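Just so it is clear, none of the values below were taken in a lab; they were calculated from the coordinates. The model shown is predicted, which means the values in this text are computed figures rather than measured ones. Neighbour counts run over all protein chains shown; Cβ positions are idealised from the backbone, glycine included.
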Amino acid sequence: MIFNTFAYFLFFLIPVAILFQVASYRTRLWILILAASGFFVYFSLTGIGGAAGAVCLGLFVWESLFSRLYRPKSIFCWIGVLQSVLILIVFKYWNYLTGLIFSFRDGKNPLLWHNAFLPLGVSFFTFEFIHYAVDRYRGVAPEGTLEEYLAFIMFFPTMVAGPIKRYQDFLPKLRGARADATSWSCGITRILAGLVKKFGIADLMTAFTVHLNRADIGQASRPILLLWLLAYGIKIYFDFSGYSDIAIGSARLLGVKVPENFNWPYLRSNISEFWRNWHISLSRWLTDYVFIPLGGSRVRPLLIYSNLLVTMFVSGVWHGAGTNFAVWGLWHGIMLSVHRFWRTYRGTGRSSTSARMLATATTFIFVNLGWAFFCMDLSTAGFFFKRLLVA
């Protein structure tokens, strides 16, 4: 975790936050760009991709220059989307996809990339690239200057793990950034809350989640298996929401408000509400750039269910290159489809308190059961459910 290092606070966040107090707007943009460049190169060299990862800084330069060609209804916008998707495929899915293609060759993949690595934050910055290209095509995102767009895509507090920003929302906040005492107070409080979530809760759960392997699963009882999976559900929530808190707090030190990402998702009474409050910026991105373009809820019922499955499949594979992630996404797609079917035929009238409590508990259980597909390969997850349900 980059945000829990002294290097992040001493070399990047604090110096930039101080310089923001005295710099003009144009100077602030270049402070952000230079700090983000140093951030990307430093953390690439010290652990993510090494020198090759650091060279991927050129992706931001290329995207910023190419984005100057984007115009409403322009073919260049779709080329921008295509190149962003290709970046994801090459760096995140190359070995997985080529492995599937050549699976008939006794496990030998002639196209295997032996030193494959993920550029820092590639899943997040490519989604922001795609958003800008699509919204420029639609005519709903302003062009801005080259420096403003670079500051947007290279905004280092959100570069690694979001929240996923929208240019048309971010730009006015960047232009009007005021890092006053209130912003600093809110920012520091949010950062501390994130660190507590990470160190005080998420890291403690690791002692349980390390047992989610085939050997330990084969020895454990059903209650222990459930305890381990619940611990993973707690860990991933507090780890990811803690990361988001630090990112949001860091942005507040610069006087910039970025979107919220979590809002007590485990307390929601259905899976639809869960996704409106879990990784909120990703959920909205998937809705606007996958679900709605597929037809959303404006098509026949069967196609609505298909759209839900496709959208959540995209969510699954976005999280990781593996069949287990695809199954995890489909697990949530099926739950969303079942909930929609239930809501369609039962209606949306008010429920009793006991019914809402039961619905909340049921949603919590099925969401946490789904984490088995997320944190284990498909074979191990299947073995987990066999031990849980059969023997």
Mean Cβ neighbour count within 10 Å, used as a protection proxy, ranking 285-296, 244-255 highest first = 244-255, 285-296
Mind pulling the angle between the C-alpha long axis of helix 75-88 and the longest principal axis of the chain? Nearest 10 degrees, somewhere in 0 to 90.
-> 60 degrees
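Name the chymotrypsin sites (Phe, Trp or Tyr not before Pro) in the stretch 26-103 that are in a loop by DSSP and that have at most 15 other C-beta atoms within 10 Å, would you?
Phe102
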If you line up the long axis of helix 181-195 against the longest principal axis of the chain, both from Cα atoms, how many degrees apart are they, to the nearest 10?
-> 40 degrees
All other residues with a Cβ under 15 Å from the Cβ of Glu147 taken together, and with Lys, Arg as +1 and Asp, Glu as -1, what is their net charge?
-> +1
When the Kirkwood radius is taken over all Cα pairs of the stretch 263-391, what Stokes-Einstein diffusion coefficient follows at 10 °C and 1.306 mPa s, in µm²/s?
-> 102 µm²/s
Neighbour-count ranking [beta-carbon atoms within 10 angstrom, fewest first] of Phe156, Phe9 = Phe9, Phe156
Which label in (1) 1.03; (2) 1.31; (3) 1.08 gives the computed Cα Rg over 2.2 N^0.38 Å = (1)
When the convex hull of its Cα atoms is projected in every direction, mean area for the stretch 119-228 (nm²) = 10.8 nm²
Express the relative contact order of the stretch 83-149 as a whole percentage, based on alpha carbon pairs under 8 Å and six or more residues apart in sequence.
-> 32 percent
Estimated 222 nm signal from helices in the chain, with DSSP H stretches of n ≥ 4 weighted -39500 (n - 2.57), rounded to 500 | -21000 deg cm²/dmol
Around Ser64 (Cβ within 14 Å, Cβ-to-Cβ, excluding Ser64; K/R +1, D/E -1) the net charge comes to -3
Taking the Cβ of Leu195 as the center, what net charge do the other residues with Cβ under 14 Å away carry, scoring Lys and Arg +1 and Asp and Glu -1?
-> 0
Among all lysine pairs in the chain that are eight or more places apart or on different chains, how many have alpha carbons less than 22 angstrom apart?
-> 9
With the Cα gyration tensor of the stretch 2-159 giving a ≥ b ≥ c as the square roots of its eigenvalues, does the rule (a/c under 1.5 for rounded; else a/b larger than b/c for prolate; else oblate) give rounded, prolate or oblate?
-> oblate
